[in-house]
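A quick write-up on the structure given underneath.
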Amino acid sequence: MTSLQLVQLYVDRISAYNHSLRAILELNPDAETIARQLDEERQAKGSRGPLHGIPLLIKDNMDTGDRMHTSAGALALAESCAAADSFVVGRLRMAGAVLLGKTNMTEWANFMSNTMWAGYSSRGGQTKNPFGPGEIFVGGSSSGSASAVSANLAAAAIGTETSGSIISPASYNGVVGLKPTVGLVSRSGIIPISWTQDSAGPITRTVMDAAILLSVISGTDERDPVTATDRAQGELDYTAFLHAAALKGKRIGVPRRYCERLDEARIAILDSAIEALRMAGAEVVDPVELPGELVNWDGKILRYEFKKGVNDYLAQTAKGLPVHSLDELIAFNEAHSVEALKYGQSTLVWANETSGQLTEPEYWESLQDDRILAGERGIDWTLEHYRLDALVSLGDEGGNDSAAIAGYPAITVPGGWADTGIIDPDGGYSTRGPHGITFIGTAFSDGTLLGIAYAYEQTTRHRKPPEMYG
């Protein structure tokens, strides 16, 4: 099969199914031309690598220097076309990937309103879960990326995460999601929330595909100084960590206190995963204590960093756009309230009350205290105290907030199906359906986590396609 044929097949699937899922905002008008050129290049020069000619989807908050738009799901940026590729998109193009289209997302990566449903944007409407459109929770904010990959509307997708935005939708849509260590993948050219927590990562149907994508998109970028933290990690072939026996001798901890808010069906999935880990040769320590498990993280870091980051991003967008600052964005939404403010913009207003200069003592105090409590005195303390290689939990429970604040990696893998579920009071959706098993580690343990996840995946093989999209 040629890349052109593959693109055409995916376009046909998108035409057939996306109207009910609203997972994809727009297709790349140049995708077929790019695929044809890559086919010719393969014939003349050979393949660039495993991504040569492979159609991928990109979350709508990532710049693509082409005819597609970058809007974060917002009507105010619906006509915004980036002048250049984000670092991640540039790496994918160099590897020969075909950028098939942009995926829907929770508007402003769910930093717009405290009542907004996961997966909703004023530009794209409500993204739905292919296992139960309109019924089963879709997760956010990389909802479109996860839904599209689950329904096989592309080979894979890229999402972004500040706190749970890859892990959550990947878990609920029955696919693999990897949130890399902050500093492993550049954030330049991505509409930001938090420079201390944001990360881009793969959403795929297999752990192998996630490792392939991470190997391509990781690396040092002078436009994002945090990527210089550990240069060697950005030069790895992460597929080398994938071994079926990778769980043998590993010690995995279960922060069991988080199970107190789970129903019986979801606890059963986690307990089944723990048994599978033991059968695969891991030593499971159950329970373990995570010092930050009772902390109510208040989001103050995100509040202060959002205004600074968004103002910097909007200031460099094209002059003809209606907004170039958070002030102008809020005013635009108010002027177009019927179309733009279905769920209001309380979070945008809350963030706009800060100086936007990161000069507030409260910000610096929260930054220092939260990161130490989440990382050094949180996840790192637990890993060292119990001599663990990783923590295991269900979906976006069990320490994911701590991992996000510390900037540590997490990966979720399909873990099973819940026949019963609770109704989410905020979104009105059931938690019946697929759920992922998530592994969390310390900074730059991404390779180790990929190996653990791969061994678990090969042992259990829980991934099943949604029936009507298989």
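Derivation of every value follows stated rules applied to the coordinates shown; laboratory data play no part. Predicted model, so just to flag it, every value in this text is computed and none were measured. Reconstructed Cβ throughout: ideal geometry from the backbone, glycine too, with neighbour counts over all protein chains shown.
The table for this structure:
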| read-out | value |
| --- | --- |
| Amide H contacts of Ile24 (H built 1.01 Å from N, under 5 Å, at least 5 apart or other chain) | Asn104 |
| Kirkwood Rh and Cα Rg combined as Rg over Rh, evaluated for the chain | 0.94 |
| All-pairs alpha carbon distance profile, the stretch 3-238, 5 Å steps from 0, percent | 1, 8, 16, 20, 22, 18, 10, 5, 1, 0, 0 |
| Stokes-Einstein diffusion coefficient of the stretch 1-43, Kirkwood radius over Cα pairs, 4 °C, 1.567 mPa s, in µm²/s | 116 µm²/s |
| Compactness relative to 2.2 N^0.38 Å, alpha carbon Rg of the stretch 268-358 | 1.80 |
| Mean ellipticity per residue at 222 nm, deg cm²/dmol - from DSSP H runs of n ≥ 4 across the chain, formula -39500 (n - 2.57) | -10000 deg cm²/dmol |
| Protection proxy ranking of 158-166, 264-272 - average other beta-carbon atoms within 10 Å, highest first | 158-166, 264-272 |
| Listed residue pairs exceeding 32 Å between alpha carbons, taken from Lys102/Lys342; Lys179/Lys464; Lys128/Lys319 | Lys128/Lys319 |
| Debye log10 I(q)/I(0) for the stretch 1-87, one point scatterer per Cα, at q = 0.11, 0.12, 0.23 Å⁻¹ | -0.36, -0.43, -1.20 |
| Proximal charge balance of Gly281 [Cβ under 14 Å; K/R count +1, D/E count -1] | +1 |
| Among beta bridges that DSSP assigns inside the chain, antiparallel share in %, nearest 5 | 65 percent |
| Largest-first principal axis extents of the Cα set of the stretch 294-424 (Å) | 55, 44, 26 |
| Coordinate range along principal axes, alpha carbons of the stretch 110-195, Å, largest first | 36, 30, 19 |
| The stretch 240-308: Cα Rg divided by the 2.2 N^0.38 Å rule of thumb | 1.54 |
| Relative packing of 451-461, 12-22, which averages over residues the other C-beta atoms within 10 Å, highest first | 451-461, 12-22 |
| Potential lengthening between Ala268 and Asp237 on full extension [0.36 nm per residue; Cα-Cα distance subtracted] | 7.7 nm |
| Segment Met1-Arg13, extension gain: residue separation times 0.36 nm, minus the distance between their alpha carbons | 2.7 nm |
| Nearest-0.05 FRET efficiency for Glu222 and Glu79, computed from C-beta distance (R0 30 Å) | 0.50 |
